[in-house]
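In what follows, a single structure is set out as structure tokens and then discussed.
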Amino acid sequence: MRFAPAAAALSLAFAVTASVGFGAGRDPAPRAAALISQGQASLAQGNVQNAIDAYEAAMAIDPGYTPILLKLAEAARADKLQGKAIRYYREALNREPRNLAAIAGEGEALLEKGALEKARSNLAKLESLCGKTCPETQKLAVSIAAGPAPRVMTAEAVLPDAKVTQTN
């Protein structure tokens, strides 16, 4: 019983310093930063696979740097792999639940995939975190207002009716 107040104070001090250290942003490892820059240049040139390779190499060097996941998700969306992008966004959100860029990116990927209601849910989450005036909220709201992209029709979707005719 004599140690309870001291233990409570000590655990509170540890909790405060842990949350401050967790919330503080940091720079990536120098080699990872170079690879991230290389990936951004490749993506800007339209070379999505080289960008993905550079980002994955950066992730191998500095796996704790969350913005790499956002870059990987961006590259996956550029490669029309929305499901993979959503996975990267969710991994980023597991690390940083209030990451506005990850919430907005996931919302846009969901919209591209056709999940309009889930994208609206992300918009509501963004509005509650940063309001209607923050850039992430406005960008997602504009995308939702424009609606999901039209789906590409596949050959299987337009199969002709099978009619058998008899010729004499």
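Every number in this text was worked out from the coordinates using simple rules, so none of it is lab data. Please read these numbers as outputs of a predicted model, since none were measured by experiment. No Cβ is skipped: glycine too gets one built from the backbone with ideal geometry, and neighbour counts run over all protein chains shown.
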* To do: Mind giving me the FRET efficiency for residue 60 and residue 98? R0 is 25 Å, r the Cβ-Cβ distance, nearest 0.05 is fine.
  => 0.40
* Asked: Does region 18-90 come out rounded, prolate or oblate by the C-alpha gyration tensor, with a ≥ b ≥ c the root eigenvalues, rounded set by a/c under 1.5 and, if not, prolate when a/b is larger than b/c and oblate if not?
  -> oblate
* Asked: For the residues 65, 88, what sequence is obtained by ranking on other C-beta atoms within 10 Å, fewest first?
  -> 65, 88
